[in-house]
Amino acid sequence: VTPRGATSTLGVVDNSWAHPQLNFMNLAFSFAMPLLQGHHGAHFCGSYATPGNGHDLSLLSGIVVASEIIRLSRGDSSDVLYYPFDDDVSKPGARSDFFKLRNFMLRR
C-alpha cells in the first residue's frame, strides 16, 4: 500500500515475529533464562524471560527486574520480599502474580 501523496513504497515491514513463537525451543529458553539473571549485573525482561507470551507478563517482567535492581542498589543482600506497589487488599491477585513471576524469573 502506498501512502497518499507518496510516489512509491520504501519497503514492507514483516512483523510475523512480533511475539515469540510458542515452541519447545523458546519455552526451554524461558526456563533457562533465570540461570543468567543477575550475572555480571545483567537482568533480562520481556517475552523471553516469562513463561507465557503476553504483553501483561512482559510488562510485569520489567517491573520485577526494576524492583530487583532497586533491592540490590540498596545493598540488601537478603531475599526480602520487596513489593514495589502500595498494598491494595482489594486486589490480592496482583501481589500474587508479581511474586509468582519474580520467583520464576529469579528462581527465588
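Nothing in this text is a laboratory measurement; each read-out follows from the coordinates by a stated rule. If you're wondering where the values come from, they're calculated on a predicted model, not measured in any experiment. Methodologically, a virtual Cβ is constructed for each residue, glycine included, from the backbone with ideal geometry; neighbour enumeration extends over all protein chains shown.
Structure values in brief
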| quantity | calculated |
| --- | --- |
| For Phe44, distant residues with modelled amide H under 5 Å away | Gly38 |
| Protection proxy ranking of 22-29, 50-57 - average other beta-carbon atoms within 10 Å, highest first | 50-57, 22-29 |
| Burial order of peptide ranges 36-48, 93-105 (average beta-carbon count within 10 Å, highest first) | 93-105, 36-48 |
| For region 84-101, 3J(HN,Hα) per residue [Karplus equation, 6.51 cos²θ - 1.76 cosθ + 1.60, θ = phi - 60°, Hz, x = Gly/Pro] | x, 10, 5, 5, 10, 5, 7, 10, x, x, 5, 5, 4, 4, 4, 6, 5, 5 |
